Amino acid sequence: MLKQTPLNQTHRDMGARMVDFGGWDMPVNYGSQIEEHHQVRRAAGMFDVCHMLVVDVTGSGIREFLQYLLANNVDKLKEPGKALYSCMLNPAGGVIDDLIVYFMREDWFRIVVNAGTADKDVAWMEQQLAARAPQLTIQPRRDLAMIAVQGPQAREKVWQAIPAARAATEFLKPFQAAEFDQYFIGRTGYTGEDGFEIMLPVSEAAGLWKTLNTLGVAPIGLGARDTLRLEAGMNLYGQDMDEDVNPLEAGLAWTVELASPRDFIGKPALLAKTVKMQMLGLVLLDKGVLRGHQKVVTSHGAGEITSGSFSPTLNLSIAFARLPLAVAVGDVVQVEIRDKLHNAKVVKLPFARNGKALI
């Protein structure tokens with residue numbers, strides 16, 4: 001049996017095409033995937049992200065525990081509501097998961113982890129907590145639903161749907177959250193557009209979804225979610241990195257804080273590694289479609305596409321590729337598609353953000 005989010009029946013009532021997504025019954029589209037993509041870039045769309053898991057860590061000494069657990073440094077979080085993107089690594093430096101951590105109070109941090117790794121993540125956290133900070137409590141919050149509203153009109157639409165949200169969230173900066181009434185709203189997202197991610201009681205999710213829809217916010221499926229995050233240069237766990245890939249070779253060096261003297265899980269392994277690969281973007285110059293696991297041929301050695309698709313914003317085929325360090329932006333490389341080599345240009349990520357092409 002596939003797991004279902006609180007919005008499962010709502011998706012079906014709206015005509016969604018449902019698919020198995022890592023054991024969850026999720027909407028891939030509601031009609032035209034390309035139109036859904038453009039809706040987010042040009043206006044506002046909403047995503048069911050209830051399959052992701054909210055985890056609350058409470059007690060005394062959380063900051064010190066998270067300094068050790070995460071590759072990024074939670075000491076950057078000074079202001080209540082501020083969020084940080086980080087990887088959680090294994091001792092070999094591989095990525096157990098990428099996540100967002102919110103600092104609310106010194107005795108309360110909130111973490112949002114990916115759906116496919118949620119059980120593994122919680123077990124890992126509990127194992128580390130038992131060894132280093134047994135006074136802390138980890139609470140998975142399956143009582144909370146999460147809806148992401150993204151696009152240039154997203155915030156205005158949320159304020160129309162939840163009028164009290166304007167006063168609480170109007171002055172939030174990106175990667176900052178506010179809690180009020182039954183809501184926890186962060187100015188975060190996975191599309192390269194402005195917007196909010198809203199956490200609220202499971203019982204209230206369908207009502208908010210329908211209200212937003214009556215205000216013109218279109219439901220968006222996993223298909224457009226993937227092309228949006230690809231254009232925005234945002235990694236997908238399990239495709240662009242996993243436990244066998246370190247963040248320094250996955251385009252995530254910016255999420256690893258090595259400068260301070262603090263120790264964290266995976267740090268000795270990262271310091272000992274010789275980085276040989278880098279993550280860059282590709283734009284196909286010939287006909288075809290770039291897909292994950294296709295081989296990339298360069299004059300400096302072989303590489304591999306990790307994520308690839310057609311970009312509705314650029315009207316081109318684009319991809320992330322893990323390439324040898326000597327490959328530079330502007331180089332032309334070859335991608336093996338159906339046993340034939342096709343030319344592709346190396347570009348800097350991201351491809352598009354805030355509705356605009358960047359290449």
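The values are calculated or read from the model by the stated rules, or taken from the named source; none is laboratory data. Because the structure is predicted, anything quoted here is derived from the model rather than measured. Reconstructed Cβ throughout: ideal geometry from the backbone, glycine too, with neighbour counts over all protein chains shown. Heavy atoms of the whole protein, side chains included, go into the accessibility calculation; ligands, DNA and RNA do not. Shrake-Rupley method; radii C 1.70, N 1.55, O 1.52, S 1.80 Å.
I'd like to know if the range 49-66 contains one or more residues that are among the aromatic types (Phe, Trp, Tyr) and within 16 Å of the chain's Cα centre (by Cα). Scanning the range 49-66, I find no residue that is among the aromatic types (Phe, Trp, Tyr) and within 16 Å of the chain's Cα centre (by Cα), so the answer is no. Among the residues making up the range 300-330, those that are farther than 26 Å from Asp244 by Cβ and either within 22 Å of the chain's Cα centre (by Cα) or of a type in the set (Ser, Thr, Tyr) (or both) are Phe310, Ser311, Pro312, Thr313, Leu314, Ser317.
Scanning the range 270-290 for residues that are open to solvent by 30 Å² or more (accessible area, probe 1.4 Å) and in contact (Cβ under 8 Å) with a residue 40 or more places away in the chain returns Lys273, Val275, Lys276, Met277, Gln278, Leu285, Asp286, Lys287, Gly288, Val289.
Sort out for me the strands (runs of 3 or more DSSP E) sitting completely within the range 1-114 that have 1 or more residues that are in contact (Cβ under 8 Å) with a residue 24 or more places away in the chain and acidic (Asp, Glu). Steps first, please.
Details: elements: 17-21, 24-29, 45-48, 53-58, 83-89, 95-105, 108-113.
Filter on the range 1-114 gives 45-48, 53-58, 95-105.
Exactly one residue among Pro134, Pro91, Pro80 is closer than 25 Å to Phe180 by Cα and either open to solvent by 40 Å² or more (accessible area, probe 1.4 Å) or more than 14 Å from the chain's Cα centre (by Cα) (or both), and that residue is Pro80.
Going by what's in this entry, would Gln239 be described as under 24 Å from Asn114 (Cα atoms) and part of a strand (DSSP E or B)? Steps first, answer last, please.
Details: under 24 Å from Asn114 (Cα atoms): yes; part of a strand (DSSP E or B): no.
So Gln239 fails the test.
If you scan the range 21-44, which residues turn out to be surrounded by 22 or more Cβ atoms within 10 Å (Cβ to Cβ) and out of contact with any Gly (no Cβ under 6 Å at 6 or more places or on another chain)? If the condition is that a residue be surrounded by 22 or more Cβ atoms within 10 Å (Cβ to Cβ) and out of contact with any Gly (no Cβ under 6 Å at 6 or more places or on another chain), then Met26, Glu36, His37 are the ones that fit. Determine whether Gly303 is outside the structural domain of Pro91 (by TED's automatic domain parsing), in contact with a strand residue (DSSP E or B) (Cβ under 7 Å, 6 or more places away or on another chain), surrounded by fewer than 16 Cβ atoms within 10 Å (Cβ to Cβ) and more than 16 Å from Arg229 (Cβ to Cβ). Criteria not met by Gly303. Answer yes if at least one residue in the range 121-139 is modelled with pLDDT of 95 or more and closer than 20 Å to Val202 by Cα, and no otherwise. Yes, the conditions are met somewhere in the range 121-139.
In this structure, does Leu222 turn out to be in the same structural domain as Ala118 (by TED's automatic domain parsing), closer than 27 Å to Gln160 by Cα and either among the charged types (D, E, K, R) or open to solvent by less than 10 Å² (accessible area, probe 1.4 Å) (or both)? First the steps, then the outcome.
Details: in the same structural domain as Ala118 (by TED's automatic domain parsing): yes; closer than 27 Å to Gln160 by Cα: yes; either among the charged types (D, E, K, R) or open to solvent by less than 10 Å² (accessible area, probe 1.4 Å) (or both): no.
Answer is no for this residue.
Note on the range 318-342: residues that are surrounded by fewer than 14 Cβ atoms within 10 Å (Cβ to Cβ) and either out of contact with any His (no Cβ under 6 Å at 6 or more places or on another chain) or closer than 21 Å to Ala352 by Cβ (or both) amount to 8.
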